[in-house]
Amino acid sequence: MILKRISILNYKNLEQVELDFSPKMNCFIGQNGMGKTNLLDAVYYLSFCKSATNAIDSQNIMHDQEFFVIQGSYRTDFGDMEEVYCGLKRKQKKQFKRNKKEYSRLSDHIGFIPLVLVSPADAELISGGSEERRRFMDVVISQYDKEYLEALIRYNKALVQRNTLLKAEVEPDEELMLVWEEMMAAAGEVVFRKRQEFIAEFIPIFQSFYSYISQNQEVVNLSYESHAMRGDLLQLIQESRQRDRIMGYSLRGVHKDDLTMQLGDYPIKREGSQGQNKTYLIALKLAQFDFLRRTGSNTTPLLLLDDIFDKLDASRVEQIVKLVAGDKFGQIFITDTNREHLSKILRKINGDYKVFQVERGVVNESSEIDYEA
């Protein structure tokens, strides 16, 4: 998939932006706080129907404005043109359209424009709670497997309903509780099976990327943990009902799944340096890209790289530059405050690229970049 053109009105600090992109490499240079990340976030929004940085839609509207609009013109891997529109007015429902036809369900759009974002926020995958690592799995699998996304939606709906019953002051209705537990178990088994299959296939891809970037200096691992590994999920949920009633929420289920991230035989959260952690995260995301490229609709994802070189030594930067400049990746959007990093990448690229300067929400195409840096 190639994003040929984007139009943005009143999105965060981007008042009015209209850009035509290179099909290969698009570089955005500017100091922090100027709007580079917001621009990538607008591209992300057109893929996922939401912001990567702020889940409250109304807060993404520019201050003192009443609406935002993001429109993208895409060319598929088969040469077809596609138009995607998103508009939001304050206190109104968000509109999402493909070729002027509005979606009845936003979930129908997920996966149409596969995308991988690598950003400083990824540090939460290592340092944050298990919900961050579950979200990582969900974002990947939902882009190529509609059955998974639908099962996840059903599971979360049943979980909310069961938790409501658990919090009630009066004793919950037995039959109603069983309805939600059975839905949780049935949908949860689908989610568990597909997460398990994904991780088994994903691990060697991830390890290969890490080895390349680190030049075989360390060994890393990734493993999946789930209550569903202990036996029948419905039975496990029901066995926990009395304890759940005391706590007021569900203690067992796939909403507690986690990924164990290791450097050698130890948790990377405890053992990894800043550079090793950053390498681990970038390898995870590049493996995500490679996995999506091979699965689902066989559509090449967009790759968004937001300020990825910080905390990495020169040799690891060099290895990443070699990777992203190669033919393996499709269209890339990359931000940096440092012209030197982008200069290195552009020197290695055989083909098209564009450079944009971002300052106080204004984006202008630049005719040159300092290649001597």
For segment 146-177: of the residues being of a type in the set (Asp, Glu) and under 30 Å from PHE112 (Cα atoms), which is surrounded by the fewest Cβ atoms within 10 Å (Cβ to Cβ)?
GLU147
Sort through LYS157, LYS91 and tell me the only one that's at pLDDT 95 or above and basic (Lys, Arg).
LYS157
Could you tell me whether segment 49-62 includes any residue that is within 13 Å of the chain's Cα centre (by Cα), buried (at least 16 other Cβ atoms within 10 Å of the Cβ) and of a type in the set (Asp, Glu)?
no
Does LEU305 meet the test of being farther than 30 Å from MET184 by Cβ and touching a residue at least 60 places away in the same chain (Cβ under 8 Å)?
yes
For PHE209: the one exception among (1) of a type outside the set (Asp, Glu); (2) crowded, with 18+ Cβ neighbours inside 10 Å; (3) out of contact with any strand residue (DSSP E or B) (no Cβ under 7 Å at 6 or more places or on another chain); (4) under 18 Å from ASP258 (Cα atoms)
(4)
Complete set of residues in segment 66-82 that are closer than 19 Å to ASN10 by Cα and surrounded by 13 or more Cβ atoms within 10 Å (Cβ to Cβ):
PHE67, PHE68, VAL69, ILE70, GLN71, GLY72, SER73
Enumerate the pairs (first residue in segment 203-214 and more than 15 Å from GLN276 (Cβ to Cβ); second residue anywhere and modelled with pLDDT of 90 or more) with beta-carbon separation below 7 Å, excluding pairs fewer than 6 apart on the same chain, so at least 6 apart or on different chains.
ILE203/LEU222; ILE205/ALA287
Is it the case that GLU201 is assigned to a helix (DSSP H, G or I), touching a helix residue (DSSP H, G or I) at 6+ places or on another chain (Cβ under 9 Å), of a type in the set (Asp, Glu) and in the same structural domain as LYS285 (by TED's automatic domain parsing)?
yes
When you check VAL139 against the structure, is it buried (at least 19 other Cβ atoms within 10 Å of the Cβ) and either of a type in the set (A, V, I, L, M) or over 26 Å from HIS255 (Cα atoms) (or both), yes or no?
no
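The values are calculated or read from the model by the stated rules, or taken from the named source; none is laboratory data. Not measured: the values here are computed from a predicted model. All Cβ positions, glycine included, derive from the backbone under ideal geometry; neighbour counts span all protein chains shown.
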